[in-house]
Amino acid sequence: MFIRKLTNIQAIMGSVVTMECKVAGSLPMSVEWCKGKQKITKSSKYKLLHTDNTVSLEFKLTESADTGDYSCKVTNTAGSSVCSGVLTAKVPPRFVTEPESQAVIPKSTVLFTSIFEGTPPFVVKWFKDDIELITEPSCMIRLEKYSSSLELYSVGTLQFGIYSCQVSNEAGAMKSAAELTTVRFGQQLTLTATVKGSEPLTVSWVQDKDHILRDGDNRKITFENNVVTLVVPKADSTTAGKYTCQLRNDSGLVKSVSQVTVLGL
């Protein structure tokens with residue numbers, strides 16, 4: 001009864017996808033679609049079509065949960081026939097853990113780490129100031145299935161700058177950046193974070209685990225043009241530590257972390 005059966009399909013998450021097959025046989029003919037054992041009906045998500053000898057199932061917005069086995073069953077007075085196919089929704093990469101900005105002592109070893117999720121395989125690249133890095137005597141790049149790290153050895157002034165990790169797959173790409181700097185006793189420390197999200201937004205800075213920072217007391221906090229800035233005019237023994245910028249709105253909470261070491265203490 002099937003002239004052309006369903007085939008396996010790989011689709012990018014968020015795209016419109018159609019599974020279809022061609023049938024032959026006398027009318028009237030009924031068509032039933034299932035995902036696994038669950039019957040599929042017409043809805044805001046699914047569109048069921050039967051035009052001439054073509055029957056199709058259209059996904060209006062593919063999601064990762066759509067991955068699975070699908071079957072089409074056609075029935076008429078002569079009997080019924082079933083064919084099946086697999087839909088795999090490819091998910092673009094998303095960072096679970098992003099590289100953290102660091103202020104460090106010269107000649108120290110620095111480690112940037114990223115953890116990500118999505119549909120493998122991934123292509124991972126590390127950059128310094130938009131120049132791609134490769135493993136060499138001064139640095140080591142490591143890659144596992146869902147993580148990657150960049151290790152810098154004996155860092156000096158030439159190594160200070162913006163480091164970024166780019167992760168891509170067939171469904172898309174994502175990039176995250178971190179800054180490597182040094183700050184000396186008595187110098188100004190400036191930390192910035194660019195924020196995006198729907199209003200209302202609440203932004204806060206936390207030092208170490210629970211010290212909520214406020215404007216004043218040898219620091220200034222500003223939030224202008226989607227950039228939140230923390231300035232410590234003169235770094236001292238209380239400046240060293242882990243700084244977390246927290247962004248909160250109705251969608252949830254996002255954090256950016258920086259590790260600061262003050263030289264000359």
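Computed values, structure above
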item	result
Per-selection metrics, the stretch 143-241 (Cα): Rg and Dmax in Å	16.8, 49
Point-charge dipole on Cβ atoms (K/R +1, D/E -1) for the chain, about Cα centre, debye to 20	680
Extension gain, Leu111 back to Ile3 (0.36 nm per residue minus Cα-Cα distance, nm)	33.1 nm
Rh by Kirkwood over Cα pairs, then Stokes-Einstein D for the stretch 183-265 at 0.890 mPa s and 25 °C, µm²/s	185
Straight-distance crosslink candidates among lysines, where the alpha carbon sits under 26 Å from Lys107 and sequence neighbours closer than 8 are dropped	Lys125, Lys128, Lys234, Lys242
Between the stretch 1-51 and the stretch 175-201, the alpha-carbon center distance in angstrom	50
Beta bridges per DSSP with both ends in the chain, % antiparallel, nearest 5	90
Dipole-positive endmost among Val155, Ser138, Trp126 within the stretch 124-167 (Cβ charges, Cα centre)	Trp126
Antiparallel %, DSSP beta bridges [both residues in the stretch 2-90], to 5	90
Semi-axis lengths, Å, the stretch 91-181, gyration tensor of Cα atoms, sqrt of 5 times eigenvalues	24, 12, 11
Cα-derived Rg to Rh of the chain, Kirkwood definition	1.19
Projected area averaged over orientations for the stretch 2-90, convex hull of C-alpha atoms, nm²	5.3
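Read-outs: derived from the displayed coordinates by stated rules, not from any lab. Fair warning: this is a prediction, and the values are worked out from it, not measured in the lab. We place every Cβ from the backbone using ideal geometry, glycine too, and count neighbours over all the protein chains shown.
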